[in-house]
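The values are calculated or read from the model by the stated rules, or taken from the named source; none is laboratory data. Predicted model, so just to flag it, every value in this text is computed and none were measured. Virtual Cβ from ideal backbone geometry, glycine too; neighbours counted across all protein chains shown. For the accessible areas, the whole protein counts, side chains as well, though only heavy atoms, and no ligand, DNA or RNA atoms are used. Shrake-Rupley method; radii C 1.70, N 1.55, O 1.52, S 1.80 Å.
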Amino acid sequence: MGPVLALIDLQRIFADPDSGWAAPDFQRVVKPAERLIDILAPRVVFTRFVAPEKPVGSWATYYELYPFALQPQDSDDYQLVDEFKDTSTLDKSTFGKWGPELAEAVGPGGHLVLGGVTTDCCVISTALAAVDAGVYVQVVEDACAGSDEESHRKAIDIMRLYSPMLEIVTVDQIRELNQ
């Protein structure tokens, strides 16, 4: 079995420049994400970050800072951007998307390829949890965007420290490895 591609949170709430959660380089990752889909289909999972109905614990404090994000899961803001609309999604109200569903898709000791937003939050949270589960992870740098460029760079640099369990790659490298 080949790798599973997880495209993390390619949603309107992160794409909209007027959103409090805007990833300034969001549009830069759309074409690389489309290329990854072409390379790795049909083993592709789209994820969505969605707000819980009632935040508890540290999430309650978090949503005090970001009350605009306490929207129903079917709100426009939480939908995938138009390029990926009408695609089924794995929805989580946590930063990290690693869990039983993604673990089942990847399989024990499997291979996970990640792209999406934001590098410094949901991507790194997903990558490190998968590594801890014994999964080989490749983060596609040119298919990720951070909350800003500096945070993106820092997250990439931190993830490089997890080599050889986690590798930072480009779309072209994924294409070469999967021909």
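Structural remarks
- For the stretch 32-113, applying the loop criterion from DSSP together with a ceiling of 11 other beta carbons within 10 Å to the trypsin sites (Lys or Arg not before Pro) yields Lys85.
- Percent of alpha-carbon pairs separated by more than 16 Å within the stretch 60-155: 63 percent
- Percent accessible area from carbon and sulfur atoms, the chain, protein chains only, probe 1.4 Å: 52 percent
- Whether the stretch 8-55 is rounded, prolate or oblate, judged on the alpha carbon gyration tensor where a/c under 1.5 counts as rounded: oblate
- The DSSP beta bridges internal to the chain are antiparallel in roughly 5% of cases.
- Taking all protein chains into account, the per residue accessible area for the chain stands at 49 Å² (1.4 Å probe).
- Where only DSSP H runs of four or more residues are counted, the chain gives -9000 deg cm²/dmol as its mean residue ellipticity at 222 nm, each run worth -39500 (n - 2.57).
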